Each structure stands twice: as C-alpha cells, then as structure tokens.
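Have a look at the structure below, then the notes.
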Amino acid sequence: RFYNVWNGDMVVNSPFQDIVVPDMTIVDYVWRNLDKWPSKTAVVCGVTGRSYTYEKLYKKSKNLAANLRKKFNIRNDEVVGIISPNVPEYPLVSFASLQAGAVVTTFNPIYTAHEIKRQIELSDVKIMISHNDIVPVLKEALKLAKIDIPIISININQPLPENTISLAELIEDDNIDCSILNIVDRAPEDVAFLLYSSGTTGLPKGVELTNSNLIANSEQQNTEIRQYRYTTENNQDVTMAVLPMFHSYGLSILMLHKLASGLKLVTLPKFQPESYLNALLKYRINLLYVAPPMVLFMGSNPLVTPRHFETVHKITSGAAPLPRADINKMLDQCPDNVSFYQGYGLTETSPLATMSDPSNKVYESVGYAVPSVKLRVVDSEMRNLGPDKTGELLIKGPNVMKGYRNNLEANKETILEGGWLRTGDIAKIDKTGLVYITDRLKELIKVKGYQVPPAELESVLKEHPAVHDAACVGIPDPITGERPKAFLVLKPGAAANHKEIVDFVAERVAPYKRIKDVEFIETIPKNASGKILRRMLR
Ligand code: 4UV
C-alpha cells in the first residue's frame, strides 16, 4: 500500500479516517452494547473455567460499586488499588471501582512489598482490592508504609484471609440499593486509570489516562485493515488474556477494547507453556496478543505445532522490539490464514499509537499511525525531519495522557507545545508512512516487554552499605530482549562481591528486574550536569 501521509510541514498523518470519540465514561462505553449480548460469555478463567456472562459481569460490578460507596465511603476521584494476576474478577473489580467514581491504579502482582509500598504512597490509595494469594505481601507493604486501609480479597472459592473483606460477599449482595450510585459524578475528561511508567527518565510516575483517552484508543483499534468479528447471534471472537491487565497493553487492548466489543476473554494468571497451549486448543482462540518472548516461544518450542494455530486468525505483538528471525520462525508454524500485526505505543499513549498492515508483509515495521494520531520525527533541537531520517518520535492524538500526576517538571519535559508527546524512542518513517523503531533514546530497560527503570535499580543499589555510586543499563538478551547490567563504584576501603550485590537487589525487586551482570569500575561516567552517560557504559 502507498499512503500519502506526509504533509508540507513534515508532520505524518494517519492514513485512516479520523475517529469520533463518544462523549461518555469508559465504563458506560463498555456497557453501551450490553443489550446486544447479555448472555454471551464475557470472561472465563482458562485454568478453573469460572466465567461471567456480560449481564452477570455488569450486575456483580454494580453491586460492588454500590458497596464501595456505601460501606467504604469511596468518593469521586479517590484512588482504588488493584493487585491481582489475570482472573475473571479483574475486569469486574475495575469496572466496579470506576462506577463508584474512583480512579483505578493497578499494581504488578509479582511486585515485592517495597515496590507495592512505593506505589501505594505515590497514588494515595484509599482501599486495596487484592487477589487472595497476594494478601500477605500486600499486608507487609502496608506495614512498611505505616498505612492502614481496608483490603478486599478476591477470594472466589477460596478461604478469606484474616483481616480482609470478602469480595465474594460484596458482589453477591443483590439486594443492595444501587441508587447510591446516582451521586457518582464522572466526566469524559476525568482520570479513569492511574498507571505507572518511568517515561523518558527517572522513577515510575503516575500516568493519568482519562475516560476519553481510553475510549479513543479503543476506537483507534478499529481500522479498516483490522476488523474484528463482534458478537452477533452466533459469532464471537475469542481472545486470550495472558498479558497482564495491570499494564496498559493488557488493560486497554485486551480488557477494555475486547469487552467493549462483545468478545470473549480467556484469562490466564501467568504464562506457562502447557496451560497456554492447552487453552489455545480448548477455547478455540481466534485473536492472540503477545509480547516478543512469546513469539520466540511459539517459533522454537517443540511443544508448539501448527494444530495450536488452527483457530487463530490474528496475532499481534508489541511492547518491545521483535527480531525478524523470531517472526519468521513463528509464521513457519502458522497456517496461511493467520495474519501477523505489530503494534507500538506507550503507557502514555493509552497505549496503541501505530499498527502494522499484514498485507504488505513489512513485519519489521510497527506500521502506520492509528486513526487521529499524528507523528513527527525530530532532531535534538526538535526540528522536523523528513522521510527515512532517524530521530526522536513525537506523538499527538486523543489517546495521549492527560499528564503525569502531580509532576509539573516531568510534564513540561515530556509534553511539548501543541500537545506533542516525546516518546524517547528513535524512529524513522518512510515515504509511505511506515514507522520503524530503530533505538531507544530514553534510559528505560525493557525485560520481556516489562518496564525496568534504571533509576529504580540504582536507588536500590545505593542503599547497599558498600556502594558509593551505581549506574544500570540494558544489555541485549536473546530471550528477554534486554536485561539490566549494573556498574558499581565501591566506597573507599569497602568490599562487596558479585553474589552479595545480586542477592541484595533480588530481595528488593520483582524477579524480572533482578541483576545478574555486575561490573565494578573506578567512576561512573557523567556529563557536566551529573547525568549518567549511559551510552558510554553500554
Ligand atoms: O509504556 P510501555 O510499557 O508500553 C508498552 C506498550 C505496548 C503496546 C502498545 C501497543 C500495542 O499495540 C501493543 O501491542 C503493545 O509496552 O513501554 C513503552 C515503550 O516500549 C517500547 C518503546 O520503547 C516504548 O516507548 N515498545 C513498545 N512497543 C514496541 C516497542 C514495539 N512494537 N517495538 C519496539 N519497541
């Protein structure tokens, strides 16, 4: 395809027709077609088979919303925290919190107590909704933060942990008076989700995504080149939700877009080869959303056979760069009816910003700007560059976040005049509008598609009594894409060996952030203003 997308000012337009963003909240948007498919399955657990129809999901989330208002006094704009692997109740508790007028902040379920504590403090959480299994770590985090807030346990078919409130009871409360929800006051431009991202530099910051941002991004997924079979009489696309819903990819692209469209979501709490492959066959999955390590798995693991792809018609990968060789190996396993897409975006763009068109088979490109998105590639002075020139990618559109919460400085640095978001990614765009991500300017390290902010590891390393200074960079890894490597300067006379450092970090951060590579050096290279010269270390 050839699209004429470059305008005279060297701004790149989307080749697709602009979207109109419905003027409502994201939950109203999800429920707006409820009467078309009340008895269809909305979400089912790929392990236990526990499921909710659309109507049941709606009713139970309403019960919980009313209870959040009545029993826990949740008010408009207060923050509810959710910490859980992907289970069918994840959308239920998310929608309930939004319907109660709250803002939802989502936590990585494999976080350590230290990591949970930090996000609880930053986001001023009023109540936590936690999967049963995570309650002990969460309690430890609350103790560290010296905060006493209620915990609702996602305890379906499980015993209730001590000092927590039973979600099962709250959602079964069918006699609750839902008229209490009439006082909920939420506008399209209000914040719905508060997700955490380190952006171009520093520690994780709260990304404010509004109702309109998320509705826009849902509409932006429906381009002419990528049609879904929405729920009709007997036709329902089925997709697997193994990518975590706490992250923008799983949240917006799986949970919100798919449930707003009447599809069936099969949740898996974690990626585990056998259960993943079994669920593919058992639930006859049509749409697969993956991250690069899963593409590698599907192209190289002997357990994977063409039979597993029999019902699949679309595979989409995103969240990190994907080597062409890995795509080829996976596609060799796939029957011809499978089309492969690459999506690109950031938490800050809700997240989808560009999407490829499988018909041109340019798989190494992340595709075209999605509807209503404009792109620029700029040099270090923010001057626009033309086709095939490499520079930083800027994005503008209705899906660009409201901003980082309470962080004027980061907002000023990240959102430029006119609403252009700095991505911190290096890209080029060809004459036809195809975008290629070639490098990363920002310091972020991506391990299996997850964010590992070096500033976070550096602050942990500097807590070690023998460490004077520390710097972390990402180094290439054939399986995880990148992995963090630490450069350390020890205090004069102090000693610490490789293992001590590795163990020290491992106790404090989630497994994917752990460091295996450590190098002791004399000084950390920095520029005149004290910024670490990461390129030099790399
Ligand atoms: O903020 P974040 O953790 O956000 C994401 C978003 C993943 C998406 C987005 C749209 C999709 O359709 C999809 O399938 C997945 O991960 O990290 C943002 C950074 O991740 C890198 C890039 O450095 C971003 O600034 N990144 C995301 N997608 C790609 C990518 C990609 N396709 N190719 C290369 N790098």
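Where a number appears in this text, it was derived from the coordinates with a stated rule and is not lab data. Computed from a prediction, not measured in an experiment: that's the story for all the values here. Backbone-built Cβ (ideal geometry, glycine too); neighbour counts: all protein chains shown.
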Practice item. Grab the other residues whose beta carbon is less than 10 angstrom from that of LEU280, score K and R as +1, D and E as -1, and report the net. Key: +2
Practice item. Would you mind counting up the charge near SER365? Only other residues with Cβ under 11 Å from its Cβ, with Lys and Arg at +1 and Asp and Glu at -1. Key: 0
Check your understanding: Once phi is turned into ³J(HN,Hα) by the Karplus curve 6.51 cos²θ - 1.76 cosθ + 1.60 with θ = phi - 60°, what whole-Hz value does each residue of segment 45-51 show in order, with x for glycine and proline?
Key -> 7, x, 9, 9, x, 5, 9
Review point. Taking square-rooted eigenvalues a ≥ b ≥ c of the alpha carbon gyration tensor, is segment 199-346 rounded, prolate or oblate, where a/c under 1.5 means rounded and, failing that, a/b exceeding b/c means prolate?
Key: oblate
Point to revise | Beta bridges by DSSP in segment 470-538, antiparallel share as percent, to the nearest 5 | key: 70
Check your understanding: Among the GluC sites (Glu not before Pro) within segment 495-528, which fall in a DSSP loop and have no more than 12 other Cβ atoms within 10 Å of their own Cβ?
Key -> GLU522
Revision key, fill the gap. For VAL79, other-chain or 5+-apart residues with amide H closer than 5 Å (H placed, Pro excluded) are VAL103, LYS126
Study note, to complete from the structure: Listed by chain and number, the residues whose amide H is under 5 Å from that of LYS491, excluding neighbours fewer than 5 places away on the same chain and using placed H, are VAL467, HIS468
Revision key, fill the gap. Lys and Arg at +1, Asp and Glu at -1: neighbours of ASP23 with Cβ under 13 Å from its Cβ sum to -2
Exercise for review: Mind jotting down a quarter of the surface of the convex hull over the alpha carbons of the chain, in square nanometres, one decimal?
Suggested key: 24.9
Practice item. Return the whole-Å distance between the Cα centroid of segment 344-373 and the Cα centroid of segment 479-534. Key: 34
Study note, to complete from the structure: Stokes-Einstein D for segment 350-496 (10 °C, 1.306 mPa s, Kirkwood Rh from Cα pairs), in µm²/s, comes to 90
**Study point:** Amide H contacts under 5 Å for VAL447, placed H, 5+ residues apart
**Key:** VAL452
Check your understanding: Which value, in Å³ per residue, describes the convex hull spanned by the Cα atoms of segment 107-223?
Key -> 176
Check your understanding: Exactly which GluC sites (Glu not before Pro) in segment 186-272 are in a DSSP loop and have at most 13 other Cβ atoms within 10 Å?
Key -> GLU189, GLU224, GLU233
**Study point:** Theoretical gain in end-to-end length, ASN527 to ASN360 [0.36 nm per residue, Cα-Cα removed]
**Key:** 55.7 nm
